[in-house]
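I have placed the structure first, in the form of structure tokens, so that the comments after it can refer back to it.
What follows draws every value from the coordinates through simple rules; no lab data is involved. Predicted model only: the values in this text are computed from it and were never measured. Here the Cβ positions follow ideal geometry from the backbone for every residue, glycine too, while neighbour counts run over all protein chains shown.
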Amino acid sequence: MKFILTILLFTNLAFASYTIKYQGLTLGTIKNFDTLKDNYLEADVTNSIARFLLGKDKFVFYNEDYTGKKDDSNTKYKKDKYAIVYILQKAAANDIKNERIEVKKNKFIDVKFDKNYKFIYNSKNRIKSDGYFEMKNGVLEVLVEDVNSIKIVKNN
């Protein structure tokens with residue numbers, strides 16, 4: 001029963017559309033979170049300035065566990081140094097509690113709940129990422145990462 005509930009909640013996340021912003025600039029849209037199971041997040045570049053600077057129509061954030069190929073000539077690949085993919089994987093699985101998630105040796109994410117879910121990504125005793133995310137009925141509403149000004153917001 002728990003497995004079926006998790007799948008239903010994940011499909012609810014999978015059909016939502018999200019906007020991703022960096023430093024206040026809208027970069028693009030995320031159609032769904034299906035790619036999180038393969039350790040990456042794919043978005044379409046919708047901002048003309050961002051498209052000009054990247055020279056690509058899509059961008060992919062991937063984490064350390066990504067094993068896919070980086071051979072699409074129309075996609076910009078960027079390693080996720082801020083653990084956003086790990087945090088979104090936890091939110092998508094709706095398996096969030098006060099805990100420490102070990103990413104790798106000397107790299108971990110502390111997640112705490114106090115009105116919102118707060119997270120801190122610590123890499124080799126340096127805070128690389130710090131922020132919060134809001135869930136409503138098992139669906140991610142917004143993720144705000146304060147250190148690097150990354151924001152992922154659900155489109156209505």
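Give a quick list of GluC sites (Glu not before Pro) in the stretch 25-106 that DSSP marks as loop, anything other than H, G, I, E or B, with at most 14 other Cβ atoms within 10 Å.
Details: sites: Glu42, Glu64, Glu99, Glu102; in loops: Glu64.
Filter output for the stretch 25-106: Glu64.
Relative to the present Cα-Cα distance, how much length would full extension add between Thr29 and Lys115 at 0.36 nm per residue of separation?
So the chain would gain 28.3 nm between Thr29 and Lys115.
So which of Lys78/Lys136; Lys97/Lys136; Lys79/Lys124 end up more than 24 Å apart, counting from Cα to Cα?
Details: Lys78/Lys136 29 Å; Lys97/Lys136 15 Å; Lys79/Lys124 17 Å.
Cα-Cα > 24 Å for Lys78/Lys136; rest within.
For a protection proxy built on the mean count of beta-carbon atoms within 10 angstrom, sort 118-124, 18-24 highest first, please.
Numbers: 118-124: 17.9, 18-24: 15.7.
Averaged packing, sorted descending, gives the order 118-124, 18-24.
A 22 angstrom limit on the alpha carbon distance is what I want to check against. Which of Lys37/Lys58; Lys37/Lys104; Lys56/Lys90; Lys37/Lys69 exceed it?
Numbers: Lys37/Lys58 19 Å; Lys37/Lys104 18 Å; Lys56/Lys90 29 Å; Lys37/Lys69 15 Å.
Among Lys37/Lys58; Lys37/Lys104; Lys56/Lys90; Lys37/Lys69, the Cα-Cα distance tops 22 Å for Lys56/Lys90.
Listed here are the pairs Lys70/Lys118; Lys112/Lys151; Lys128/Lys154; which of them are more than 30 Å apart at the Cα? Please list the in-between numbers first.
Details: Lys70/Lys118 32 Å; Lys112/Lys151 19 Å; Lys128/Lys154 24 Å.
Table pairs above 30 Å Cα-Cα are Lys70/Lys118.
What number do you get for the stretch 16-154 when its Cα radius of gyration is normalised by 2.2 N^0.38 Å, N = residues?
Details: Rg = 14.6 Å, N = 139, 2.2 N^0.38 = 14.3 Å.
It is 1.02.
For the stretch 73-152, just say rounded, prolate or oblate: build the C-alpha gyration tensor, square-root its eigenvalues into a ≥ b ≥ c, call rounded for a/c under 1.5, and beyond that prolate if a/b exceeds b/c, oblate if not. Working shown, then result.
Numbers: a/c = 1.62, a/b = 1.13, b/c = 1.43.
Oblate shape, in that a/c is at least 1.5 and b/c is the bigger or equal ratio.
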